[in-house]
1. For a quick check of your reading of the model, give me the residue pairs whose first member lies in the stretch 15-37 and is free of Cβ contacts under 8 Å to residues at least 40 places away in the same chain, whose second is assigned to a loop (DSSP other than H, G, I, E, B) and not charged (D, E, K, R), with beta-carbon atoms closer than 8 Å and at least 6 apart or on different chains.
2. Of the residues V46, V17, only one is modelled with pLDDT of 90 or more, under 16 Å from D139 (Cβ atoms) and among the hydrophobic types (A, V, I, L, M, F, W, C); which?
3. Quick one: is Y63 of a type in the set (F, W, Y), within 15 Å of M153 (Cα to Cα) and at pLDDT 90 or above?
4. Scan the stretch 92-114 and tell me whether some residue there is touching a Leu at 6+ places or on another chain (Cβ under 7 Å) and part of a helix (DSSP H, G or I).
5. Which residues, counting only those in the stretch 73-87, are surrounded by 13 or more Cβ atoms within 10 Å (Cβ to Cβ), without any contact (Cβ under 8 Å) to a residue 12 or more places away in the chain and either in contact with a strand residue (DSSP E or B) (Cβ under 8 Å, 6 or more places away or on another chain) or in a helix (DSSP H, G or I) (or both)?
6. Suppose we keep only residues that are closer than 18 Å to V46 by Cβ and either among the hydroxyl-bearing types (S, T, Y) or at pLDDT below 95 (or both) within the stretch 121-157. Which one would you say is surrounded by the fewest Cβ atoms within 10 Å (Cβ to Cβ)?
7. For residues that are touching a strand residue (DSSP E or B) at 6+ places or on another chain (Cβ under 8 Å), surrounded by 14 or more Cβ atoms within 10 Å (Cβ to Cβ) and not aliphatic (A, V, I, L, M), scanning just the stretch 1-39, find the one that is nearest to V93 (Cα to Cα).
Amino acid sequence: MKENFFYELLKTGQLRVTKEGLVILMGEYNLMFPTRVFLYLQEMLVKSFGVKGEKLLYDMGKYQTTEAIKRYLKIYNIQKLQKSKIIEFGLKVCTAIGLGSFEIVKYNPDNLNLILINKKLPTAELYKLTRGRSEKPIDFHISGLFSGAFSAMFGKNVECIETKCLACGDPYCQFEVSPKIKPFK
């Protein structure tokens, strides 16, 4: 059985904690805080700003992956990899940062459409556990992560929306990526 990417990062020194207590993951300082705290931040942003708060979270995710890919291009030279290997690498990173395992259920590189699912996304699971069932999908930040990552990979702006969510009672979280999607109307 292949070792978890998180452990690979530890073994190779790509994930380390300095003697000063700084967490460095793939050449970047990282903060570690519980999912519960992230959900509280999300709740406060959405309560305070409504759809603008949702878009802030989405844009934050998009920025996060856009900046990460700039680093990965320098550190890992990923531009020389096939797109399928880049996607595989990106999904491993999702696992390493605590988002669990994503599965690609549909991928059409010709029209830049992609559908991913996660059967145990911690944000959605904890949301439902602590706040009850949501009326709509709640993973705005993760949608932004995928928008930024796949925009960089495809070289064209694509957006992402979560169409199913564990927090809504669905059996998994589903994210659809496409250049035709408008996540915030």
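The values are calculated or read from the model by the stated rules, or taken from the named source; none is laboratory data. Remember, it's a predicted structure, so these values are computed and weren't measured experimentally. Heads up, the Cβs are rebuilt from the backbone with ideal geometry, glycines too, and the neighbour counts pull from every protein chain shown.
1. Sorted first by the residue in the stretch 15-37, then by its partner, the pairs are V23/L31; V23/M32; I24/T18; Y29/L22.
2. Numbers: V17 fails: under 16 Å from D139 (Cβ atoms).
Answer to the selection: V46.
3. Considered against the rule, which asks whether it is of a type in the set (F, W, Y), within 15 Å of M153 (Cα to Cα) and at pLDDT 90 or above, Y63 comes out as yes.
4. Yes, the stretch 92-114 contains at least one residue that is touching a Leu at 6+ places or on another chain (Cβ under 7 Å) and part of a helix (DSSP H, G or I).
5. L73, I78 - these are the residues of the stretch 73-87 that are surrounded by 13 or more Cβ atoms within 10 Å (Cβ to Cβ), without any contact (Cβ under 8 Å) to a residue 12 or more places away in the chain and either in contact with a strand residue (DSSP E or B) (Cβ under 8 Å, 6 or more places away or on another chain) or in a helix (DSSP H, G or I) (or both).
6. Checked the stretch 121-157; the qualifying residue surrounded by the fewest Cβ atoms within 10 Å (Cβ to Cβ) is T130.
7. F6
A quick yes/no check of all residues on (1) farther than 16 Å from F38 by Cα; (2) basic (K, R); (3) out of contact with any Pro (no Cβ under 7 Å at 6 or more places or on another chain):
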position: K120; (1), (2), (3): yes, yes, yes
position: L126; (1), (2), (3): no, no, yes
position: R131; (1), (2), (3): no, yes, yes
position: H141; (1), (2), (3): no, no, yes
position: F150; (1), (2), (3): yes, no, yes
position: G155; (1), (2), (3): yes, no, yes
position: G169; (1), (2), (3): yes, no, yes
